[in-house]
Amino acid sequence: MDVLKPIAVNNWHNNPSNEISQEAIQALEHGKIVFLPQLNFTLSADENSLLSPALTNPKRKNICFNPHSGETRGAAASALQQVQLKILMQRYYQHTLGLVSTLFPSYQKHLIAGRTSLRTVEISGRSSSYKKDDSRVHVDSFAATPVNGLRILRVFSNINPHGVARIWQTGESFSTVAKRFLPEIPSISTVEQYLLRLFKVTKALRSPYDHFMLNIHNKMKKDRAYQQSVIKTTLALPPKSSWIVYSDQVSHAAISGQHVLEQTFYLPSTAMHYPETTPLFVLEEMLKHSLIIQDKQVVSAAVEM
Ligand SMILES: [Fe+2]
């Protein structure tokens, strides 16, 4: 199966035909990466000067922007650069919102904006703990920010000014990953959920869904034999291209590359055209019980920095 689904869109606010939209959503929800080889996000000459890892706090992987509050985090930059970073990331958020809303019109009313990130640090050689090592194949799950069954939809644009591709690898399908790792994961207790919240480890109650997704994420990354043996597909995502992926579903690793913009959106699993492909459905089918909880805090936690 081809991992990439190329879609010929060259405009952030295009109105693609219904046929293109249907093709894109079918591929996206079935675990492909919607690849937009002609969709470039253009930076001004001034903005190009922001593409320096020196502007990222050395303790962080990237600079983040919260589209709800207008706040940026993770920058070690002058006051002027902070303003430029904010303008750049605000514009990227608006462009990706336009893209997702027009390419997937049925998603529009369900989209919840998450963080925007500017990633100017070279991935290759970046040292970190195994849990934070994104060069290991994994599905996304956030330790502090429960999503309670919301999907994690991410848009990426390679803005490398030196012609360098971003190298990714993809692994097995979500259902194959779940079959491999889920049986090893014990359930989370209610006491543990409340203690994690009480001690501010999590911003909202960690739902059973988040518990299992986070454990799958951690177990995938920790298992060296799995990392070495799992069949991977290597992708070179070129500069001046963009791509869209459900990163909670697609096993992925970022191997090398520098200078990318990323926008996260959250969507309810119920907004999917093919709900049987969602991680929530797959896990609930395997465990034979509901994994989400009634907690309105979860959505607000998902959009916090
Ligand atoms: Fe990831």
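The values are calculated or read from the model by the stated rules, or taken from the named source; none is laboratory data. What you see is a predicted model; the values in this text were computed from it and never measured. Using ideal geometry, Cβ is built from the backbone for each residue, glycine included, and neighbour counts are taken over all protein chains shown. In case anyone asks, the SASA skips ligands and DNA or RNA and just uses the protein heavy atoms, side chains included. Shrake-Rupley method; radii C 1.70, N 1.55, O 1.52, S 1.80 Å.
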message = So the label point goes 7 Å from the Cα of TYR130 along Cα→C-beta, right? Which residues of segment 218-257 then have their backbone N under 11 Å from it?
response = 218-227
task = Quick one: which residues, 5+ away or cross-chain, put their amide H under 5 Å from the amide H of GLY114? H built at 1.01 Å from N.
result = THR264, PHE265, TYR266
task = Could you work out how far apart the two model spin labels at GLU122 and ALA165 are, taking each label as a point 7 Å from the Cα in the direction of the beta carbon, and quote it in nm?
result = 1.8
note = FRET efficiency (ARG60, LYS240; Cβ distance; R0 30 Å; to 0.05) is 0.70
ask   = Round to a whole number: what % of the accessible area of segment 4-302 belongs to carbon and sulfur, probe 1.4 Å?
value = 53
query = Say R0 is 30 Å: what FRET efficiency, to the nearest 0.05, do GLN22 and LEU198 get from their beta-carbon distance?
reply = 0.05
task = Please build a GNM for the chain, connecting alpha carbons under 10 Å apart, and tell me which residue among GLU276, GLU29, GLU172 fluctuates the most.
result = GLU276
ask   = From the Cα gyration tensor of the chain, with a ≥ b ≥ c the square roots of its eigenvalues, which class applies: rounded if a/c is under 1.5, or else prolate if a/b is larger than b/c, or else oblate?
value = rounded
inquiry  = For a 24 Å ceiling on Cα separation, which of these pairs sit above it: LYS5/LYS221; LYS32/LYS232; LYS109/LYS288; LYS59/LYS232?
reply    = LYS5/LYS221; LYS109/LYS288; LYS59/LYS232
For segment 1-92, the spread of Cα positions along each principal axis, largest first, Å = 46, 26, 25
task = Quick one: dipole size for the chain, taken about the Cα centre, charges +1 on Lys/Arg Cβ and -1 on Asp/Glu Cβ, in debye to the nearest 20.
result = 800
task = Compare the peptides 220-230, 246-256, 62-72, 109-119 by average per-residue count of other Cβ atoms within 10 angstrom and give them in order, highest first.
result = 246-256, 109-119, 62-72, 220-230
query = Of TYR194, VAL177, TYR266, which is farthest on the positive side of the dipole of segment 4-302, counting Cα position, with +1 on Lys and Arg Cβ, -1 on Asp and Glu Cβ, and the Cα centre as origin?
reply = TYR194
remark   = Nearest-0.05 FRET efficiency for ALA143 and ASN48 at R0 = 30 Å, using Cβ-Cβ distance, is 0.35
ask   = Anyone know which of HIS211, HIS273, HIS259 comes out most mobile in the 10 Å Cα GNM of the chain?
value = HIS273
message = Under 10 Å, Cα contacts only: if you run a Gaussian network model on the chain, which one of MET272, MET286, MET213 comes out with the highest mean-square fluctuation?
response = MET286
request  = Please give the per residue accessible area of segment 4-302, computed with a probe of 1.4 Å over protein heavy atoms only, in Å².
outcome  = 44
Value of [θ]222 nm, deg cm²/dmol, for the chain, DSSP H segments ≥ 4, -39500 (n - 2.57) each, nearest 500 = -9000 deg cm²/dmol
